[in-house]
Amino acid sequence: MRYPEKTDLILLTSRPPQLETPMKYFDQAITPNDAFFVRYHVFPVPTAVDLNTWRLRVHGLVDRPLDLSMDDLKTKFPATRVVAANQCSGNSRGRFSPRVLGGQWGDGAMGNAEWVGARMRDIVAMAGVRLGAMQVTFDGLDKPAFPTVPDFVKSLDLSRIMEDPDVIVAYQMNGQPLPMLNGFPARLVVPGWYATYWVKNLSDVEVIDSVFEKFWMKPGYRIPDTPCGCVEPGTVPARTVPINRMPVRSFIAVPGPGTRVKVGQATRVKGIAFDGGYGINEVQFSTDDGATWRRVQLGRDLGRYSFREWSAAWTPPAAGDHRLMVRAFNTIGESQGATPLWNPAGYLRNVIERVTVQAM
Amino acid sequence: MRIVLVCLLSGLAVASTAIGQEKQIVLPADHDYATLKPGLHSELAQTQCQFCHSTDYIVMQPGGDAKQWDAVVAKMVKVFGAPLSEADAKAITEYLATTYGPSK
């Protein structure tokens, strides 16, 4: 299904639009802008932006409220670059068992891009934070048609913003202005954390003196307050917290499921791995259901928040089905489990992925 | 002044226009696959649900039992403020639980 500025993506929903990236695009670290997934929460979504009138409003508990133009963003703050993976909280929800309601994503609600923009902490500092400030809220141009529908507004702790120089307001994605459906003219980039915080078509930043708990922060986008973020399948967590850092994931992009490969002929297996910002330092590949694993070659290191390419040569030893598996490790030793974890919203999936191919 | 027409297909204009400092896109209409399956109260569900969102939101779900769909409809009314009468909400829940029942 083709959407403006987008290639042929998998359509989940039209209104508001949700478009998934086919797995074949993840054979490289950078996801092209036209293949980058789309997920909106409320309708209508913005379809027109005029930079002559667009402003980023910064207000609330500040000394000097700001109305920043695109020119201001580009000239009043140092341009900062970060390559970072952007993954929907519900990526792979369609794989949950027992099944859960919600966007039935396959594995393509993710992408990785080089983002350039202004540091959020520089913007907040220019406005001057007042005593008692606790959180910052972020709102975009997507505004629900009906006043009863909760507007999509997200929040981060002020300390998170001030401590992390990589939280930016990005106006450039892979060297280009952002596609409209990925947040033109600017979106928040929160490296290492799930995409729900990366507010698109950003227009309003407010410093507040409390913890923001409107719908999309509570009860929306919460995970069980347990070390794994999981509960016994089919049960309800006693306490929840806002979703945050992404666990380790890795994928086989090629060959895809059901691909026919030749016995005795070397086949190239490729994919990507990423985590929530510690950086991937090892990827392993198995062809015997996880009995043995071998280390594979990693691609160029584009930074600790980025997808890391990996590749391996594999020669199918015999005819029949072969199950290929991949798992990754980050620099603090976190990895992926053999059995999937479960939570009622279908978040945080990071089980070892498997692809079955057919050797002939 | 610069005009970029990204693509035109099957008579449906899916375009992106950038004129200097402006950018504009045209979104496609709801896809045919969003059309709800026939059944008792299907027209009511189609009309009421698509008022706020495309009904592929329903079609893509794995299916749910009466309790799950009741929770979904209740969320639409209580959280999102869907202007549904109690009778219509009940009829839509029945339709969904019957037509989009639990996955196997």
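Any read-out appearing in this document is the output of simple, stated calculations on the displayed coordinates, not a laboratory observation. On a predicted model such as this, the values are computed, not experimentally measured, just so you know. Cβ sites come from the backbone with ideal geometry, for glycine too, and all protein chains shown count toward neighbours.
Of the residues A:I168, A:I280, A:I123, the one that moves most in a GNM of chain A with alpha-carbon contacts below 10 Å is A:I123. Relative contact order of segment A:205-308, taken over Cα pairs closer than 8 Å and 6 or more residues apart, is 18 percent. This ranking places A:D157, A:D288 by how few other beta-carbon atoms lie within 10 Å of each, fewest first, which gives A:D288, A:D157. Taking the Kirkwood radius as Rh and the Cα radius of gyration as Rg, the protein assembly as shown has a ratio of Rg/Rh equal to 0.97. A cut-off under 13 angstrom between Cβ atoms defines the neighbours of A:P242, and their net charge, with Lys, Arg +1 and Asp, Glu -1, is +4. Dividing the summed helix terms, -39500 (n - 2.57) for each DSSP H run of n ≥ 4, by the number of residues in chain A produces a 222 nm estimate of -1500 deg cm²/dmol to the nearest 500.
Using Cα positions and a limit of under 14 Å, work out the aspartates and glutamates in reach of A:K200, with same-chain residues fewer than 8 apart set aside. Correct list for A:K200: A:D139, A:D142, A:D151.
Too long at a 28 Å Cα-Cα cut-off: which of A:K6/B:K78; A:K6/A:K214; A:K154/A:K270; A:K143/B:K23; A:K6/A:K218? Beyond 28 Å: A:K6/B:K78; A:K6/A:K214; A:K154/A:K270; A:K6/A:K218.
Each label was represented as a point 7 Å from its Cα along the Cα-to-Cβ direction; for A:T75 and A:V263 these points are 7.0 nm apart. Less than 10 Å Cβ to Cβ from A:G346, Lys/Arg counted +1 and Asp/Glu -1: what total charge do the surrounding residues give? Once positives and negatives cancel, what remains is +4. The spread of Cα positions in segment B:20-78, taken along each principal axis and listed from longest to shortest, comes to 53, 26, 21 Å. Database note for chain A: Cys without another Cys beta carbon under 4.7 angstrom, A:C88. According to the square roots a ≥ b ≥ c of the eigenvalues of the Cα gyration tensor, what is the shape class of segment A:294-360, taking rounded for a/c under 1.5, prolate for a/b larger than b/c otherwise, and oblate for the remainder? Oblate, because a/c is 1.5 or more while a/b does not exceed b/c.
The antiparallel fraction among DSSP beta bridges confined to the protein assembly as shown stands at about 95%. Here the Kirkwood formula puts the hydrodynamic radius of segment A:65-124 at 14.4 Å, using every distinct Cα pair. When each of the peptides A:248-257, B:84-93 is scored by the mean number of other C-beta atoms lying within 10 Å of its residues, the order from highest to lowest reads A:248-257, B:84-93. The A:V236 and A:R354 beta-carbon pair, evaluated with R₀ = 35 Å, returns a calculated FRET efficiency of approximately 0.75.
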